[in-house]
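*Asks:* Supplied in structure tokens, the structure appears directly below.
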Amino acid sequence: MKRRLVLVVFITCLVAITASASSCGGKAAKPTSKTQKAPAPISPAGTNTTGLPLSLANGISISTFASDLGSPRVIAWDPNGTMLVSVPANGRVVALPDKNNNGVADRVITVVDGLNNPHGIAFTQARHGKIYIAEEDQVAVYDYDTTALKATTSRR
């Protein structure tokens, strides 16, 4: 259920939702030294660092997961839980791994490029190691390496 909620948020504005720590309680923590500043208090209405005009419920924060992708279209998760995004204008599909689970993509990895306006991405449980990518004029099946985050050997 959580993955579906995150998927909806990513599709609409490509951001990740993270719950703020329960210990924050809207109060600033005490500094550990005289030179260290106390962290800013969390707004009771939630924290929005995206620059988007969003109102958030109490205790919820929202931030940007990845930026400067071009015009992303579709998001899918590979079998290992890595987010993949189609970028039709750039003719590519990219992976956005978040190995440290901090809610920010560690880097952008090109899974496959040279595509004709790719928009759809799918995986099936029946065919492990395969990724389906819908382009403007076809649907192609690729061998997909979940470790290297690369798609190769197209079957059109």
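*Asks:* How about the range 57-138: which trypsin sites (Lys or Arg not before Pro) there lie in a loop by DSSP and see at most 13 other Cβ atoms within 10 Å? The partial results should precede the final answer.
*Replies:* On the way: sites: R73, R92, K99, R107, R127, K130; in loops: R73, K99, R107, R127.
Qualifying residues, ordered by number: K99, R107, R127.
*Asks:* Shifting gears a bit: What spacing in nm lies between the two simple spin-label points modelled at L52 and N80, each 7 Å away from Cα in the Cβ direction?
*Replies:* 2.8 nm
All of the numbers you see were taken from the coordinates with simple rules; none came from a lab. These figures come from a predicted structure and were not determined experimentally. With ideal geometry, Cβ positions are generated from the backbone for all residues, glycine too; neighbour counts draw on all protein chains shown.
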